[in-house]
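**Student:** Quick one: the structure is below, and I'll ask about it shortly.
The values are calculated or read from the model by the stated rules, or taken from the named source; none is laboratory data. No experiment lies behind these values; they were computed from the predicted model shown. Note: ideal-geometry Cβ built from the backbone for every residue, glycine included; neighbour counts use all protein chains shown. Keep in mind that these areas ignore ligands, DNA and RNA; they rest on the heavy atoms of the full protein, side chains included. Shrake-Rupley method; radii C 1.70, N 1.55, O 1.52, S 1.80 Å.
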Amino acid sequence: MLAGELHIADDPELAADLRRAALLSERFNASSAADPGARRDLLVELLGEVGDGAEVRPPLHVDYGHQITIGAGTFINFGAVLLDVARIAIGADVQIGPNVQLLTPTHPVEPEARRAKWEAAQPITIGDNAWLGGGVIVCPGVTIGANTVVGAGAVVTRDLPADVVAVGNPARVVREM
């Protein structure tokens, strides 16, 4: 799985990791806004790394959690779906709007392999100071460069360079900064 190769996710070790993440996510998502310290402690336990001053508003949905890193000063709004079958690296000072999806899993195009429950994954990287508007979907294997802005509702199917504005489905660069 970690090498991006096809695997079947029913492995007992993976199932235990999924259960751990589900239980921690449930606690994080039910945590009180009146106790930000406890909320952050749950987030730190769930995720691989959480930088200083990073904020994630519940609900948050993950597969494993431990393959997600969030840089200092990053803000992730309500309803994020971070499917971390592969690594998800979010840089520092990133702004992520509500209902954004970072989706690392892939599935075979061939129907027999898909029916047999094979899957793989490719990592996602979001550069420092990027901004993903509400409802953005980032597909497996995509890197978004530093300072890049992705407009609300865009579907990012391929890498975006640093210092651009991209919109649409599929996302396309409409302006350089």
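**Student:** Among the DSSP beta bridges whose two residues both lie in the chain, what percent are antiparallel, rounded to the nearest 5?
**Tutor:** 20
**Student:** Kirkwood-based Rg over Rh for the chain (C-alpha set), two decimals?
**Tutor:** That ratio is 0.98, to two decimals.
**Student:** What's the carbon and sulfur percent of the chain's accessible surface, probe 1.4 angstrom, rounded to a whole number?
**Tutor:** 54
**Student:** Compute the normalised compactness of the range 80-141: alpha-carbon radius of gyration over 2.2 N^0.38 Å, N being the residue count.
**Tutor:** My calculation over the Cα atoms of the range 80-141 gives 1.27.
**Student:** Follow-up. Multiplying the sequence separation of Glu176 and Ala113 by 0.36 nm and subtracting their Cα-Cα distance, what value in nm do you get?
**Tutor:** 18.6 nm
**Student:** Determine Rg/Rh for the range 1-92; Rg is computed over alpha-carbon atoms and Rh is the Kirkwood hydrodynamic estimate from the same atoms.
**Tutor:** 0.98
**Student:** With each label point set 7 Å from Cα along the Cα-Cβ vector, what nm distance links Thr157 and Asp35?
**Tutor:** 4.6
**Student:** OK, next. Would you work out which of Leu24, Val173, Leu160 lies farthest towards the positive end of the dipole of the chain? Charges go on Cβ: Lys and Arg +1, Asp and Glu -1.
**Tutor:** Towards the positive end, the residue furthest out is Val173.
**Student:** Further, regarding this structure: Pick from Gly134, Gly71, Gly37: which is most flexible by mean-square fluctuation in a GNM of the chain where alpha carbon atoms under 10 Å apart are linked?
**Tutor:** Among Gly134, Gly71, Gly37, the largest mean-square fluctuation in the Gaussian network model of the chain belongs to Gly37.
**Student:** Now a separate question. Go through the range 88-123 and name the trypsin sites (Lys or Arg not before Pro) that are in a DSSP coil and have 16 or fewer other Cβ atoms within 10 Å of their Cβ.
**Tutor:** Lys117
**Student:** Size of the dipole of the chain about the Cα centre, Lys and Arg at +1 and Asp and Glu at -1 on the beta carbon, nothing else charged, in debye to 20?
**Tutor:** It comes to approximately 480 debye.
**Student:** Right, next: What whole number of Å gives the distance from the Cα centroid of the range 1-56 to the Cα centroid of the range 72-146?
**Tutor:** Going from one Cα centre to the other spans 15 Å.
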